[in-house]
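A.B. asks: So that we are looking at the same thing, I have put the structure below in structure tokens.
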């Protein structure tokens, strides 16, 4: 029997991971090996102490990598390589026997934008896949599996299949499962259905999920396990499981009756097209629309004849300029780079403009938009919008902007300020607003999120003790006409005794307008449902010790959500203040503003 550890998205945080493993060892739990999937390495991970053997990995570690470094790993070590003692890159694809376990693997991620990349070696066109797996890789893995079958006959079974992405269709046959998974692939599902492993391990989504076992084509059970990522050491509230311990007997040593035992909780094979229905016409239309949009974007990129500046976004504000420069240089030599800084906070805003020395590098970067991460944040490229360079400086809510109405502000913290709503739904309707320009709350840096949490608790206490009121918090991630979207959180007071009733009415109104609202569970976060470019509305309310949260995603085509403040309309309908549905129709007078500001300042600052 082997005792192994499985881990998702390490993102270079090996030191913290090893602390956790050391803690397990101190309790008498020892392991034979560690397997990593998802984003494993980062440019900031310092290998020097390990290469010089000042430090060592505590146990044999084998990894795949979907991070920006997979580009180099796939090219340099397609058959795998021991990087240094106890750290081995498995390779692009293959089947290996490790400590008696047969392990199949496919590295990289799917390629949605283009099918083939080539480089020329000695005058010949040679396939070059970069960070992606190709049809050739998939065929090669299938061929190796068949060769093992022929060689070992009925004694051949795969113990593990390791991939970065989730298999498309994993949810078939389940009533409960994660609803918003972006890193999935039909190719991974096809391989899982062909290889029939005992365990299929995936990551990349930063959530933990263990599927009910399903009966595969070889008539024994496959268990799909998705692992979250290693958290920051400072994140004390992280609850997702990222480290999984497993005692496993290699299939070659197992009793056949045990291997082929089927448990009552097992499901049918989710990848069997004969059992599960294909997509509906509506689903196929959505897919077809998305495909056409991708084709149009690809065509525009391929037809580009002039090199131009690119817009880049997604950087954490703590990322240094040299780290950004090094990251962008992976695509080619950089001619110029301009990172946009906020003159008020002196921090960069997470975006900038740059130009490659050649058009071919520009095209490559555009095709790779959103594919790679730096310090855990996905980075996006687009053509420079000539109007967009100064767009955030025209934002009404950036505190550095002279146009910001500072007469509405009654508290300024380290990274967040509080302001009276200009068109309040009810008296004492206020807003929580970050000083820096951010699109969405779950993209905020950790320190800003923590300050907002503290302010929410403080406001709840003030409104409860001073006004006998509770607060409804809501956020609206929109795409406005001028493409400026500064996230803010509305805080709408209601009578405390009406809190429970508000929840019931909100759910009723959501059904009436056919809004696809999901109620977020205690162990889930907003980022589990939404990605960086998603549009959504989000509402939360605290009732005693229960935290009620709802999210509804939408897209550009849903103009009702995009053009109207639907969440405000719902709150107004529940509170029966129908004349307050549009903020411009209920702006308060200077006298009302002055009185309200004085009251809020007084109550907020009282001990």
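Only the coordinates and a few stated rules stand behind these numbers; no lab work does. Note that the structure is a prediction, hence the values are computed from the model and not measured. We place every Cβ from the backbone using ideal geometry, glycine too, and count neighbours over all the protein chains shown.
A.B. asks: Order 354-364, 450-460, 159-169 from most to least packed using the mean count of other Cβ atoms within 10 Å.
C.D. replies: Details: 354-364: 17.7, 450-460: 15.8, 159-169: 24.2.
Put in order of decreasing packing, that is 159-169, 354-364, 450-460.
A.B. asks: Right, something else. Could you work out how far helix 14-26 tilts from the main Cα principal axis of the chain, as a 0 to 90 degree angle to the nearest 10?
C.D. replies: 70
A.B. asks: So if each residue of separation counts as 0.36 nm, and I subtract the Cα-Cα distance between residue 360 and residue 307, what length gain in nm does that give?
C.D. replies: Computed gain between residue 360 and residue 307 is 18.2 nm.
A.B. asks: Return the percentage of antiparallel bridges among DSSP beta bridges fully within segment 117-262, rounded to the nearest 5 %.
C.D. replies: Numbers: 8 of 17 bridges.
So the antiparallel bridges in segment 117-262 amount to around 45 percent.
A.B. asks: Rounded to the nearest 10 degrees, what's the angle between the helix 186-195 long axis and the longest principal axis of the chain, both from Cα atoms, 0 to 90?
C.D. replies: Helix 186-195 sits at roughly 30 degrees to that axis.
A.B. asks: Now a separate question. 7 Å from Cα along Cα→Cβ at both residue 99 and residue 144: what's the point-to-point distance in nm?
C.D. replies: So the label points at residue 99 and residue 144 sit 2.0 nm apart.
A.B. asks: Can you tell me what share of the DSSP beta bridges in the chain is antiparallel? A percent to the nearest 5 is fine. Intermediate values should be presented prior to the final figure.
C.D. replies: Working: 74 of 100 bridges.
Taking every DSSP beta bridge within the chain, about 75 percent pair in antiparallel fashion.
A.B. asks: Once you keep just the Cα pairs under 8 angstrom separated by 6 or more residues, what percentage relative contact order results for segment 446-544?
C.D. replies: Details: 79 pairs, mean separation 33.1, N = 99.
Computed value for segment 446-544: 33 percent relative contact order.
A.B. asks: A follow-up question, please. Please tell me the relative contact order of the chain in percent, rounded to the nearest whole number, where contacts are Cα pairs under 8 Å and at least six residues apart.
C.D. replies: On the way: 1083 pairs, mean separation 56.2, N = 607.
Relative CO of the chain lands at 9 percent.
A.B. asks: With an 8 Å Cα cut-off and a minimum separation of 6 or more residues, compute the relative contact order for segment 2-259 in percent.
C.D. replies: Over segment 2-259, the number comes to 21 percent.
A.B. asks: Ok, one more. What is the fewest-to-most order of 416, 546 by other Cβ atoms lying within 10 Å of their Cβ? Numbers along the way, then the final one.
C.D. replies: On the way: 416 24, 546 11.
Final ranking by Cβ density, sparse to dense: 546, 416.
A.B. asks: At 0.36 nm per residue, and after removing the present C-alpha to C-alpha distance, how many nm does the segment from residue 405 to residue 155 gain when stretched out fully? Write down the numbers at each step before the final one.
C.D. replies: Details: separation 250, 0.36 × 250 = 90.00 nm, distance 7.42 nm.
Computed gain between residue 405 and residue 155 is 82.6 nm.
A.B. asks: Which of these values of Cα Rg over 2.2 N^0.38 Å was calculated from the structure shown: (i) 1.06; (ii) 1.33; (iii) 0.95?
C.D. replies: Here the calculated entry is (i).
A.B. asks: Suppose we keep just the DSSP beta bridges with both residues in segment 2-259; what percent of those would be antiparallel, to 5?
C.D. replies: Around 50 percent antiparallel, to the nearest 5.
A.B. asks: If you don't mind, there's one more thing I want to ask. Work out, step by step, the length gained on full extension between residue 453 and residue 26: first 0.36 nm times the residue separation, then minus their alpha carbon distance; give nm to one decimal. Write out the running numbers ahead of the final one.
C.D. replies: Values: separation 427, 0.36 × 427 = 153.72 nm, distance 3.52 nm.
So the chain would gain 150.2 nm between residue 453 and residue 26.
A.B. asks: Which distance in Å, rounded to a whole number, links the C-alpha centroids of segment 361-381 and segment 409-460?
C.D. replies: Computed from Cα coordinates, the inter-centre distance equals 30 Å.
A.B. asks: Suppose only helical runs count, i.e. DSSP H with n ≥ 4. What mean residue ellipticity at 222 nm does that imply for the chain under -39500 (n - 2.57) per run, divided by all residues and rounded to the nearest 500 deg cm²/dmol?
C.D. replies: Values: 14 runs with 162 residues, N = 607.
So the calculated ellipticity at 222 nm is -8000 deg cm²/dmol.
A.B. asks: Note down, for segment 2-259, the three equivalent ellipsoid semi-axes (square root of 5 times each alpha carbon gyration tensor eigenvalue), biggest first, whole angstrom.
C.D. replies: 26, 25, 20
A.B. asks: Could the peptides 85-92, 39-46 be put in order, highest first, of the mean number of other beta-carbon atoms found within 10 Å of their residues?
C.D. replies: Working: 85-92: 20.6, 39-46: 18.9.
So the peptides 85-92, 39-46, ranked by packing, come out 85-92, 39-46.
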